[in-house]
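Comments concern the structure below.
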Amino acid sequence: MRLFYRKILFFTSGIFLFSGIFSTLFAQDKTTKQIFQKAQGVFENRSYNEALRLFRELDSIQPNDSYTNFFLGLCYLNTKTDYSKAIQSLSFTIKNIDSTEKEIILRANLNLGKAYQLTNRFDEAISTYNKITANKLSDSTDAGNVKGEIEKCLYAKQLIKKPVNATIRNLGPQINSAFTDYGPLITADEAILMFTSMRSGNVGGNKDVYGQNEQYIEDIYVSQKNDSNFWLPPKNIGPPINTESYDATVALSVDGEKLFLCRGGSGGIFVSDKDGINWTEPKKLNKNINSGNSETSVSLSSDGRVLYFTSSRKGGFGGKDIYKSELQPNGEWGPAENLGKTVNTSFDEESPFIHPDNKILYFSSLGHKGMGGFDVFKTEKVNNQWTEPENLGYPINTSADDIHFILSAKGLVGYYASNRPGGFGEEDIYEITFPMANIPLTMVRGTVITEGKKKQNVKIKIIDKETNEQIKNVYTPNSETGKYLMIFPPGKNYQMLVDAEGYLPFVFDLYIPNQTFFYSLYQTIYLKPITMFNEPIGQGVSIENSFSNPQDSGLSESEQRSRDILLLSMVQKIIENSDTARLGEIENIPIDKKDYTPLNNLIEKIIDFTDSTALGHLEKITSQGFIEKANSNIFFYGENKKTGVEPFSVGNDTIYIIPPSVSPSPGQNPSPDAEKIKPITEKIDEIDIKTVLNKSVPFEFGMQTFSTQYADTLLKIAELLKKFPKMKVEINGHTDNVGSEKNNQILSEIRAQNLARFFTENGVEKSKIYFFGKGETQPIMTNETNEGRAANRRADIRITETIVKQSVVH
Amino acid sequence: MNIREIKNIILTAFLGLLVLPFSLRAQQFSEKEVKAAFLCNFPLFIEWPENSFSSSSSPIIIGVLNDTALATITKRVGGNVKISGREIQVIQYKNLDEVKNCQILFIGSSYKNNLTSIVSKISDKPILTVGETEGFCKQKGMIGFSKKKSKFGFDINDKIARRSGIKISSKLLMLATIVE
């Protein structure tokens, strides 16, 4: 919380000692004496706005008083209202006050120096500070401070000369209030902003009596981005996150499903999980994190395994230091480890932020070489060592406090809090736009859709295919929305294990391209129970992958330009040739952004001939890796069979999987000699899956069941399946294109199901049957004629057998 | 390990079928980009009456009513396009009163309930009206983008266009569904 690590920006400490003082000018006048005493009382309570009002009143009654001007200067500074007036008032005091008022002269000079510093008048600041040293005004503590401030002024001059290329923007009155607003947190998709504010509207409605300027006890607020990229008015996140005490944002997991917060009193760091649209009751982190000293901020790595946090515990380098803790196999945070003296200084380190790339750590510090107040630094992990922290430079850092820096996964937008001059009062939240970012991460955003169930309990585990280790803690899609978000480094192969309650776990490959720019992938996982006569008999799984829309793809301007030109010329050609076939496909035409020529040529060919052969050719090319949309519906029986399972090792666990039973290469000749398989003896060299039989069963228009005339043939197939234990059957239902796509999909599934049921009723084991609905997507003839449509209404039966080639070991 | 537990059985049976490898090479066009490309291409296939332009070099103005995203993309796509010596200029309108001398007016979907009245207000001007709401052409719009079975297409109401003095090329008409 703010109170714990608020740096005293102005040299107000010791001001309370002056409560007895008052100008002799007021001694004779009762009214002015009363106002002066009242104003001083208000000042001591750090209600600087009210104190400013009173001292100004006093100044109008009795102008040119050195004491009044001293307090006026401090009030102008602490309310951030007018820095030039602060400079004017303090200068007046220094010039006119009785030379015996040593303490006041010192404080006036210190604050005058600070006022110059904050308004980037560094030379004047330095000469003011030098005056303090030259006139031996200060004791040893302040002398140290003065020396530090001079160094900061010199460094600030240096940084301002070479500004970094970044644009800073106050988030405006939509987000910022007249009160302290800080601690911005953002989801990786940059759709939700959370922050802490001391505005009114907090839970309990109490004021922060310990803080300054009569603010409210801090609470967490949340704002969402609308379609036009504007932040909507923030709302108090409410209980159970916010309590009547201090509640402050400290970190959010990349998927936005875990919120870390800091609580006041005997609080510390708490964590809350998102359950649907609600947040669960925050739980306090264990003693490895919450040592009982001051722990105020954390950051969670994007793989969820490392927690970076600040603590003032013993054994550090002084002030607050940054520590890290790793997630233990039991799900608890392990012992804290100090990041070492490269990162930590004898002053405070605060608000660490580990970027989703898990390499660069950003943090604020009072100790490293900065411009004044907290500055933001970054350090990178190279060969397991943190590099020398680097100041992010001006205009990101200023002479004021710059703190709570976070950066979007793409690296293009950062957010942080600052109490720099300007803004809407106290600390405000600012946005930083970085011009060029090249962070080659892949962000996978997806949704699990479960038919017929509102709440879903799904876990997604990611397995590194190279090491075969479960690389992450488990991702839990939001139970209400089914949404999940994952971030991956480039060029790796993973397997994604989706484990949904009430469904068999399934696994699929996830290839993260070795790209050099930020990349988004959108996935939809559909889970669907299959019932026959109201009895659940199986499950359906389908996955759809699609890539980012172009606005998201991080294309350079010239790449975007060539893309636009391509699109324009394609549209022109389509219109010129009145090519209806291409018109329908235009959105899905894949292009190679590096070289459009082959595709252009092909499209030209298609336009020239306007024939389906060329279109088919295009489809063939695209299915080899151009097109990114995979959409298939898979159905299988969900019987719990132990026979025929194979071990599948993940890390230390061995799980049993059902081996592939569908041939990857259909169209092989039927093999009549199924009975010739030899028994397995010793060493298995190869497993081959052969197609034994292909058979198509026609369906009448709109019919779900097959005609009885095929029953004999189907019975024979059932006999075959029963006789040969290694044989399995795959049934694919199809329709013509009459009616809606959706209805045809359902019809095709029912057709396949009915055949499957026929087989089970005739004694075929359920585990040998796989059935799929293909809808109208796979016609074998044209849908333009009656004859063609009749041929397309069918179910394809394929009998496969697994042939194990083995060698006898002598 | 526990074989008995149903949870621990992973089915890989369909692996080969399920997931196609994806590569980074593909870039698809968004619906709005395609619409923008059509808006920028229409001038090639449309003939406006002579008095529609103030001079031989004045730009072709594409007005976009209440669709910021489309306006932005159209500006980008049409950025360097020149059609018979005329540049393409995209202007974003917030309401109908701002609509003045444009050649093409895209009417955002937020106007779907009072389309007829909007279209009739500018029917005396040679402005090609383009929309994306269902039945746009039935409500006297000239070109309506459509989606049938997830395929992109468009409708044209040639009669209304002719009444405003706008001639639409037969190539464009052949691509569209004609609505009267």
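The values are calculated or read from the model by the stated rules, or taken from the named source; none is laboratory data. Not measured: the values here are computed from a predicted model. Here the Cβ is made from the backbone with ideal geometry for all residues, glycine too, and neighbour counts use every protein chain on show.
A few comments on the model shown:
- Residue under evaluation A:E749, criteria (1) touching a residue at least 12 places away in the same chain (Cβ under 8 Å); (2) over 21 Å from A:L527 (Cα atoms); (3) among the acidic types (D, E), criterion not met: (2)
- Test result for A:S291, more than 22 Å from A:G482 (Cβ to Cβ), modelled with pLDDT of 90 or more, hydroxyl-bearing (S, T, Y) and not in a strand (DSSP E or B): yes
- Test for A:A125: is it part of a helix (DSSP H, G or I), outside the structural domain of A:N419 (by TED's automatic domain parsing) and closer than 30 Å to A:S200 by Cα: no
- Taking every residue in region A:566-586 that is more than 7 Å from chain B (Cβ to nearest Cβ) and pairing it with any residue that is acidic (D, E) and in a helix (DSSP H, G or I), at least 6 positions away or on another chain, the pairs with Cβ-Cβ distances below 8 Å are A:K573/A:E604; A:N577/A:D608.
- Residue within region A:127-142 that is closer than 30 Å to A:G238 by Cα and modelled with pLDDT of 90 or more present: no
- Conditions (1) in contact with a Lys or Arg (Cβ under 9 Å, 6 or more places away or on another chain); (2) at pLDDT below 90; (3) at negative phi; (4) of a type in the set (G, A, S): number failed by A:G702: (3)
- Test: residue in region A:89-110 that is buried (at least 18 other Cβ atoms within 10 Å of the Cβ) and outside any helix (DSSP H, G or I): yes
- All conditions but one from (1) within 25 Å of A:N577 (Cβ to Cβ); (2) in contact (Cβ under 8 Å) with a residue 12 or more places away in the chain apply to B:S58; the one that does not is (1).
- Pairs where the first residue, in region B:64-85, is crowded, with 16+ Cβ neighbours inside 10 Å and the second is assigned to a helix (DSSP H, G or I) and among the polar types (S, T, N, Q), C-beta under 7 Å, 6+ apart: B:V64/B:T74; B:N66/B:S110
- Residue match in region B:37-49 (condition: surrounded by fewer than 21 Cβ atoms within 10 Å (Cβ to Cβ) and more than 21 Å from B:K171 (Cα to Cα)): no
- Looking at A:A795, A:A790, A:A752, just one residue is within 13 Å of A:F699 (Cβ to Cβ) and assigned to a strand (DSSP E or B), and that residue is A:A795.
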